[in-house]
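Following: one structure in structure tokens, then a few remarks.
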Amino acid sequence: MDDLDKYIEKRKKKSPSFEESFDKGYEQFKIGVLLKQARLEAGLTQEQVASILNTKKSAISRIENHAEDIRLSTLVNYAQAVGKNLHLKVA
């Protein structure tokens, strides 16, 4: 475990609100990374995905870099645009 991981764990133990905020932010970050990865695997640019979804490149960039508050319908449409299916597990 590196120093950053140690610091994060220490902060999580001290503050439940920090832990919740950090974990939520990390999940949103992972979603954006997965979307970008799927786009790159499909060999598409942000401009091409934007064209498919009838939106602007800046909207695709925002989705990939700041995936907070993204609508489920947007995720489904993005996945379809890059040739993927979105499978949800219900607990």
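Please report, largest first and rounded to whole Å, the three semi-axes of the ellipsoid equivalent to the chain, where each semi-axis is the square root of five times an eigenvalue of the C-alpha gyration tensor. Write out the running numbers ahead of the final one.
Working: eigenvalues 186, 40, 29 Å².
So the three semi-axes of the chain are 30, 14, 12 Å.
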Charge dipole (debye, nearest 20) of the chain; +1 at Cβ of Lys and Arg, -1 at Cβ of Asp and Glu: 120 debye
Within the accessible area of the chain (1.4 Å probe), percent carbon and sulfur: 52 percent
Signed unit charges on C-beta, dipole axis of the chain, positive-most listed residue Q28, S73, L40: S73
Trypsin sites (Lys or Arg not before Pro) lying in DSSP loop within the range 41-71, provided at most 13 other Cβ fall within 10 Å: K56, R71
15 Å Cα-Cα reach of K14 towards aspartates and glutamates, excluding residues that sit fewer than 8 places from it in its own chain: D5, D23
Accessible area per residue in Å² at 1.4 Å probe, computed on the range 19-91: 73 Å²
Partners for K36 among lysines (Cα-Cα distance below 23 Å; same-chain residues under 8 apart left out): K24, K56, K57, K84, K89
Cβ-derived FRET efficiency at R0 25 Å, S58 paired with K84, nearest 0.05: 0.70
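The values are calculated or read from the model by the stated rules, or taken from the named source; none is laboratory data. What you see is a predicted model; the values in this text were computed from it and never measured. Methodologically, a virtual Cβ is constructed for each residue, glycine included, from the backbone with ideal geometry; neighbour enumeration extends over all protein chains shown. In case anyone asks, the SASA skips ligands and DNA or RNA and just uses the protein heavy atoms, side chains included. Shrake-Rupley method; radii C 1.70, N 1.55, O 1.52, S 1.80 Å.
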